[in-house]
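Notes follow once the structure below has been shown.
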Amino acid sequence: MLKEKENIGFKGGFNLLDTHPLRFCNIIERISSDGIPEVFKFRVPDQKIQHVIVNLCPTEPWALPNWVILEHKTAAFLNKLKEIKTRYFPEAKCYIAINKKEDEPVSAVKDYACNAEWMKVFAVDAKYPQDDPVILSKVVLDIEMDFGQDTTTQGVLILDAQTVLAIYENCMLGNKVDSRFIALSGTGLKENEIINVQLGTSLEKILRNRIKESGKYRVFVNGPLHGREITDLSQKMDWSINNVVVLEELDQKVMFPMFKSDELVLTTNMLGELRRCVYCNFCDDICPVDLEPALYYHSYKRGEKHKARLYNLAKCIECGLCSFICPSKLELLQIIKECKALDKQK
Ligand code: SF4
Ligand code: SF4
């Protein structure tokens, strides 16, 4: 059934896809593991699933793009999804959240939905972090989730396109799935690529001969805004890794990076001179869950980390946009994580 809702949005956020478009080489190299590859396993949630949301709306330029998985065969993909739903979640409703600017798959999904009562289509603005579980659950289902909460505890299962295909291959066809597609990008690499890598392969092997030879670099998995920085490249690839970003390290901070979009991309440098908060409120404006990140910074600076919790700290979804936009390049997300960690230390 077509129940498209246009113009669904949320306050704040940032359109990274339009401001920093990335192109990937479309030759996909396969990389094998040195050891016995791990295999994908799907565990049906213990809780009853009432809603299955399929996220076809990546909002980060460095995330794995839809075309890699859909291969211009969106109807075939939806047929597989229908089989999965029928077998494992017969009473659930499916929702497809798709970037409304991706003309071809949007049109294919809409055509399919006209005769598919079991699914609804949500064509949404691909504004980061629209696809975060907290935001997605709110926008699609109007259900409030806490950051870090297992969504299945509220009867909601969120799947990305690659996981749908892996469930189909493994559970419906009985094939072993031991590899996945990963997007590689960033200023520290010779080119942006998609690879198909066996699970259990080390990052070191993946990045060998791909990193530019000169300069220092930093490596992130699942994006430089909210992903993790990796310093030990012996770390192995697992199913949770969607992308790897390698950035050339900067040793100075860029003043007012938002006025130079090429420099706004990823000024994630930790080095550089200390700056002050200039009370510009850019961080307030961009925060997708309506927080005032500068308040955490000022509590922290005064040595009163515990006071940060007075300002709804737990609502923060750790998207990293406040650090990204801050003209003083203050490490706001890092500060937020330190303040949150006070609760865990108790
Ligand atoms: S990291 Fe937290 S405070 Fe900063 S913009 Fe994202 S949700 Fe808001
Ligand atoms: S964006 Fe940075 S400088 Fe501006 S108010 Fe927030 S913390 Fe202060």
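The values are calculated or read from the model by the stated rules, or taken from the named source; none is laboratory data. Just so we're clear, the structure is a prediction, and the values are computed from it rather than from any experiment. So basically every Cβ, Gly included, is an ideal-geometry build from the backbone, and we count neighbours across all protein chains shown.
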Every residue from region 235-293 that is in a loop (DSSP other than H, G, I, E, B), of a type in the set (D, E, K, R), at pLDDT 90 or above and more than 16 Å from ligand 1 (Cβ to nearest atom): Asp238
Given the options Ala166, Ala126, Ala183, name the one that is outside the structural domain of Asp238 (by TED's automatic domain parsing) and either at pLDDT 95 or above or at positive phi (or both). Ala166
Starting from residues that are outside any helix (DSSP H, G or I) and either charged (D, E, K, R) or on the phi > 0 side of the Ramachandran plot (or both), keep the ones in region 318-344 and report whichever is nearest to ligand 2 (Cβ to nearest atom). Lys329
Looking at Val121, Val140, Val134 in this structure, which one is buried (at least 20 other Cβ atoms within 10 Å of the Cβ), in contact with a helix residue (DSSP H, G or I) (Cβ under 6 Å, 6 or more places away or on another chain) and outside any loop (DSSP other than H, G, I, E, B)? Val121
Count of region 18-27 residues which are loosely packed, with under 15 Cβ neighbours inside 10 Å and either at pLDDT below 90 or not assigned by TED's automatic domain parsing to the domain that holds Trp62 (or both): 6
Flag if Val109 is out of contact with any Leu (no Cβ under 6 Å at 6 or more places or on another chain), buried (at least 20 other Cβ atoms within 10 Å of the Cβ) and not in a strand (DSSP E or B): yes
Could you tell me how many of the residues in region 144-181 are touching a strand residue (DSSP E or B) at 6+ places or on another chain (Cβ under 8 Å) and among the aromatic types (Phe, Trp, Tyr)? 1
Selection count where residues are in contact with a Ser or Thr (Cβ under 8 Å, 6 or more places away or on another chain), assigned to a loop (DSSP other than H, G, I, E, B) and either in the same structural domain as Lys190 (by TED's automatic domain parsing) or not aromatic (Phe, Trp, Tyr) (or both), scope region 47-68: 3
Condition check: under 27 Å from Val289 (Cβ atoms) and hydroxyl-bearing (Ser, Thr, Tyr). Does Thr187 satisfy that? no
Apart from one, (1) within 14 Å of ligand 1 (Cβ to nearest atom); (2) surrounded by fewer than 18 Cβ atoms within 10 Å (Cβ to Cβ); (3) more than 26 Å from Glu248 (Cα to Cα) all hold for Glu318; the odd one out is (3)
